[in-house]
Amino acid sequence: MMDFLFARLCLALQLVHENVLRVLEGRCRPRRSREKLLVLFPSASGAVQPFLWKDQPLPDRLLLYPPPFGFKGLKGKVENLLTLLPAANPDVGPEEASEKCRRCVVVGNGGVLKGLELGQHIDRFHTIIRLNSGPLGKHTGDVGNRTSIRMSYPEGTPLHWADTDPHSVFVAVIYKGVDLSWISAMIRKLGVSFWDWFFFWQRVPREIPLDPSRFRLLNPDVIRQTALDFLKYPKPRWRLWGWDQNVPTLGMTALSLASLLCDEVSLAGFGYNLSQQGAPLHYYDNLPMRLMQQEKMHNVDKETQFLHRLVREGVISDLTGGIHCSFCSS
């Protein structure tokens, strides 16, 4: 029995590695993921700027909705923050001009990555987007050690910065007004004020040890387009308690961002198999899969169906097969 299970494990590893190599060594087609995405959703606007910059005015449309869909009621705060950010088209960062066709991978934090030993393959992608506090360290064999973009909001950001890639960029995602104060404090190396602590639902970092040129502010249009145009969620509305399930997960937002920055987009570590409730939720801890059933803000089922369609239609590649395993044997 043990020999049979070991053989099955070896076969699974082989299939995953062969799939990743097919993606890495296949022909890269310029703008492929973005163009195919807009073919599926023709009503979506294709002209979305990924980040906001110091030398560009704040568009009025970003003041129509509150965070995370815009900056309603926060114009002054946003404009002050923009003065701390770099100007458009800087010489550093993942968005710098390049004639090379770019392959991008969004590395999720799913338990499906655990033990797959994909680190060296992941590091071969041109742009590597990591989410929240997904750690490297002892996990680099599975997830690699390069980081082009670390994308997060205050409570999701690593308490102790461990990305050593000199090309890393931090992309701040704004979910509430106080998040603007936090990212401003991180850029100015001021730490977090005593009163601000009351507005976060868990501990946030006191420092992100990056040069100011390495910070980016995500354009809320990316979240708005992901929610309203791609996932077809209802428009944001005021509620006394909580949210509608119309806020995309950070992974979904990162996928949209990747389609704007890169030519071909792949996912790794995505997919929740709720039928395996005892399986690890993340690659770096032992939390069980069943915790996803408690999710209230995000519509995980809707997002899974959406991602399944994108993989099936060839818009993106699923390296680890957690969404739609096109390379799995019967």
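Summed over the range 175-208, residues that are under 15 Å from L85 (Cα atoms) and either over 18 Å from the mean Cα position of the chain (by Cα) or part of a loop (DSSP other than H, G, I, E, B) (or both) total 10. Taken over the range 86-111, residues that are modelled with pLDDT under 95 and not small (G, A, S) amount to 12. Is it the case that some residue within the range 47-70 is modelled with pLDDT of 95 or more, in contact with an Asp or Glu (Cβ under 9 Å, 6 or more places away or on another chain) and under 20 Å from L267 (Cβ atoms)? Yes, the range 47-70 has at least one match.
Among the residues in the range 95-115, are any small (G, A, S), assigned to a strand (DSSP E or B) and over 24 Å from C28 (Cα atoms)? Yes: the range 95-115 contains one or more residues that are small (G, A, S), assigned to a strand (DSSP E or B) and over 24 Å from C28 (Cα atoms).
Of all residues in the range 126-136, one or more are farther than 15 Å from I149 by Cβ and out of contact with any Leu (no Cβ under 8 Å at 6 or more places or on another chain). If I go through the range 28-67 residue by residue, how many of them are farther than 24 Å from C104 by Cα and part of a loop (DSSP other than H, G, I, E, B)? Total satisfying the criteria: 11. Here L15 fulfils each of the conditions (1) farther than 29 Å from Y284 by Cα; (2) modelled with pLDDT under 95 apart from (1).
Among the conditions (1) closer than 19 Å to R214 by Cβ; (2) at pLDDT below 95; (3) of a type in the set (V, I, T), V178 misses just one, which is (1). Please verify whether A279 is small (G, A, S) and at pLDDT 95 or above, treating the condition exactly as stated. No, not satisfied. For the range 287-314, the tally of residues that are modelled with pLDDT under 75 and of a type outside the set (A, V, I, L, M, F, W, C) stands at 7.
Close Cβ contacts (under 8 Å, 6 or more residues apart or on different chains) running from residues in the range 46-70 that are under 28 Å from R32 (Cβ atoms) and surrounded by 14 or more Cβ atoms within 10 Å (Cβ to Cβ) to residues that are modelled with pLDDT under 95 and among the β-branched types (V, I, T) comprise P68/V247.
The values are calculated or read from the model by the stated rules, or taken from the named source; none is laboratory data. If you're wondering where the values come from, they're calculated on a predicted model, not measured in any experiment. As a convention, Cβ positions derive from the backbone with ideal geometry for all residues, glycine included, and neighbour counts pool all protein chains shown.
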